[in-house]
1. If I go through the range 76-95 residue by residue, how many of them are free of Cβ contacts under 8 Å to residues at least 40 places away in the same chain and either crowded, with 18+ Cβ neighbours inside 10 Å or touching a helix residue (DSSP H, G or I) at 6+ places or on another chain (Cβ under 6 Å) (or both)?
2. I'd like to know if the range 46-60 contains one or more residues that are more than 18 Å from the chain's Cα centre (by Cα) and at pLDDT 95 or above.
3. Can you find a residue in the range 188-204 that is in contact with a strand residue (DSSP E or B) (Cβ under 9 Å, 6 or more places away or on another chain) and surrounded by fewer than 17 Cβ atoms within 10 Å (Cβ to Cβ)?
4. Hey, residue 37 hits all of (1) farther than 14 Å from residue 199 by Cα; (2) outside any helix (DSSP H, G or I); (3) more than 15 Å from the chain's Cα centre (by Cα) but one; which does it fall short on?
5. What is the number of the single condition among (1) more than 24 Å from residue 78 (Cα to Cα); (2) surrounded by fewer than 21 Cβ atoms within 10 Å (Cβ to Cβ); (3) touching a helix residue (DSSP H, G or I) at 6+ places or on another chain (Cβ under 9 Å); (4) in contact (Cβ under 8 Å) with a residue 40 or more places away in the chain that residue 163 does not meet?
6. Taking the options 142, 153, name whichever one is more than 13 Å from the chain's Cα centre (by Cα) and surrounded by fewer than 14 Cβ atoms within 10 Å (Cβ to Cβ).
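The values are calculated or read from the model by the stated rules, or taken from the named source; none is laboratory data. Source: prediction; values computed, not measured. Neighbour counts are summed over all protein chains in view; Cβ atoms, including those assigned to glycine, are modelled from backbone coordinates with ideal geometry.
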């Protein structure tokens, strides 16, 4: 049995992504959380179990100054294939939301959890357009204004503090959006917060998409001239 603190995910192979993923899955099946894992991390683990992701998920306990490190050092600590594989979950609120049903109706939700890469700059206008398209543009543009949610709303809906926010085990069933660039990562694996700022989780991208039923959106900021 391997504990969550062991950064022993496979090193990136030179050419064979399939072997990398097979090795990752094999090791993830054996990994177990220590009994002293924080409540938030245990809630994340239960969240992965609820959608059949636990056997392909890997948890990591990192140092308390992790967020003071460069992305390169963070990737090395997690044995991630590259800094592009490091992702984060951001709760967005439509501050001009016009109710048409439930607050978290996927096609017109007041809130969305957006999974993005640390290295990627997100275009808020593209996010607004994508969310509006979910409702076939039936709601006027004036009722859309996507902004990062406040800490209070973030805690109320996800139950996690900054650094630990993740799509798993959230208090509310917030619709999830993942950026298109993440789906093109090789090897196809992503690293996210895991319910506590000192804990991270890694899992295969395809499994994440299937289990969470998330939307995929091109949110990349246009390059400047």
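1. Residues meeting the conditions: 1.
2. Scanning the range 46-60, I find no residue that is more than 18 Å from the chain's Cα centre (by Cα) and at pLDDT 95 or above, so the answer is no.
3. no
4. The single condition residue 37 does not satisfy is (1).
5. Residue 163 satisfies all of (1) more than 24 Å from residue 78 (Cα to Cα); (2) surrounded by fewer than 21 Cβ atoms within 10 Å (Cβ to Cβ); (3) touching a helix residue (DSSP H, G or I) at 6+ places or on another chain (Cβ under 9 Å); (4) in contact (Cβ under 8 Å) with a residue 40 or more places away in the chain except (1).
6. 142
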